[in-house]
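Report on one structure; see the data block that follows.
All of the numbers you see were taken from the coordinates with simple rules; none came from a lab. Computed from a predicted structure; not experimentally measured. Every residue, glycine as well, gets a Cβ built from its backbone with ideal geometry; the counts of neighbours run over all protein chains shown.
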Amino acid sequence: MERYIKENVEDWTKVGARVTQVRSTNDSLREQVKAFAKTGHVLPEGYSLKADFQSAGKGRLGRIWEAPPGENLLVSYALSSAGLRPDQLFLFLQNIALAVHDAVAHFVQREKVEVKWPNDILVGERKVAGILIESMLKADEVSCIIVGIGINVNQQGFEEGMKATSLAQSGGREIELQDVFLTLTQKLQSAQDHLKSMVAIGDVYSLQQRYHQKLFGLGELLIFRNLKTEKEILGRVLSVLPSGELKLDCGGKEYCFSLDDIRFLRKQNDVRHIK
Ligand code: BTN
């Protein structure tokens with residue numbers, strides 16, 4: 001198999017590039033990875049592409065990700081699959097979500113930082129960061145994963161009813177983007193190292209346990225939209241399965257939903273949505 005990534009890089013903060021403007025850091029980084037592979041070279045693991053502004057930033061589920069120039073962190077990393085099979089990719093995603101959680105928590109002291117299924121990061125129940133994970137497959141093997149992360153750092157205004165916030169808004173002071181980038185990169189590197197050793201010994205229980213400790217709404221009644229029927233569902237969050245499905249108790253019966261089945265709308269009694 002053609003290799004895209006060279007592993008065991010000592011310091012991820014030392015490898016990467018920064019551009020002023022790009023359409024999407026995820027798309028540009030993927031092109032870069034492919035262009036490198038064509039010439040027989042591999043990119044070092046943890047190589048990042050940061051942009052001051054994205055003209056076509058991508059969110060999950062085909063949404064757009066908008067950020068005012070120079071105010072937020074917009075970065076993508078090229079990572080290896082950490083020895084995971086394609087059907088285990090949710091573990092990878094959980095691990096990344098926890099690393100981003102920890103980076104955000106480093107800058108936020110007063111409010112609760114949580115992970116909203118599957119991988120949004122919330123501060124005080126408002127979205128502060130989003131993660132877009134795109135895998136590059138070769139002959140059914142995951143050869144490289146592009147992890148795009150947007151963290152609202154110094155943005156002050158958000159669309160009415162969006163339930164979003166920034167590190168500066170919750171902490172009451174401006175924060176250097178570079179400090180957030182360095183903290184995030186270090187958290188990601190140690191999380192990825194940890195994941196590799198957990199996979200090697202076949203024990204990922206502690207990862208799943210920690211994900212549940214940080215999970216927004218665990219044990220609470222939340223309202224979702226059923227995407228097939230367009231009806232609202234009220235369910236108590238029981239757990240997230242290793243497959244990535246969300247297990248809910250809906251009126252005494254247990255159901256498992258994938259991301260294609262339902263969308264989170266709000267907690268009971270809250271009229272605002274987290275996008
Ligand atoms: C989401 O919550 O919908 C995921 C948002 C991910 C946004 C980041 S910003 C850097 C990277 N490049 C993109 O085009 N998207 C991700």
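Checked against (1) more than 14 Å from the chain's Cα centre (by Cα); (2) aromatic (F, W, Y); (3) surrounded by 18 or more Cβ atoms within 10 Å (Cβ to Cβ), W117 passes all but a single condition, namely (1). Restricting attention to region 246-269, the residues that are surrounded by 12 or more Cβ atoms within 10 Å (Cβ to Cβ) and free of Cβ contacts under 8 Å to residues at least 12 places away in the same chain add up to 1. Residues in region 52-77 that are more than 9 Å from the ligand (Cβ to nearest atom) and either of a type in the set (D, E) or part of a loop (DSSP other than H, G, I, E, B) (or both) were compared, and the one that is farthest from D179 (Cα to Cα) is S55. The helices (runs of 4 or more DSSP H) found wholly in region 152-245 and carrying at least 1 residues that are acidic (D, E) and free of Cβ contacts under 8 Å to residues at least 60 places away in the same chain occupy 177-201. Taking every residue in region 44-55 that is farther than 21 Å from V9 by Cβ and polar (S, T, N, Q) and pairing it with any residue that is within 14 Å of the ligand (Cβ to nearest atom) and not in a strand (DSSP E or B), at least 6 positions away or on another chain, the pairs with Cβ-Cβ distances below 8 Å are Q54/R23; Q54/S24; Q54/T25; Q54/W65; Q54/A67; S55/R23.
Just one of the numbered conditions (1) surrounded by 18 or more Cβ atoms within 10 Å (Cβ to Cβ); (2) touching a residue at least 24 places away in the same chain (Cβ under 8 Å); (3) farther than 25 Å from S258 by Cβ is not true of G124: (1).
Residues are listed down the side, and each one gets a yes or a no for (1) over 18 Å from Q155 (Cα atoms); (2) away from the ligand (no atom under 16 Å from the Cβ):
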{"position": "Q94", "(1), (2)": "yes, no"}
{"position": "A97", "(1), (2)": "yes, no"}
{"position": "A103", "(1), (2)": "no, no"}
{"position": "E114", "(1), (2)": "yes, no"}
{"position": "W117", "(1), (2)": "yes, no"}
{"position": "D120", "(1), (2)": "no, no"}
{"position": "G124", "(1), (2)": "no, yes"}
{"position": "I131", "(1), (2)": "no, no"}
{"position": "M136", "(1), (2)": "yes, no"}
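Only one entry of V128, V115 meets the criterion of being touching a Ser or Thr at 6+ places or on another chain (Cβ under 6 Å) and part of a strand (DSSP E or B), and that entry is V128. The residues listed here are S24, S48, S55, S28; of these, the one that is polar (S, T, N, Q), out of contact with any His (no Cβ under 8 Å at 6 or more places or on another chain) and closer than 27 Å to H194 by Cα is S48.
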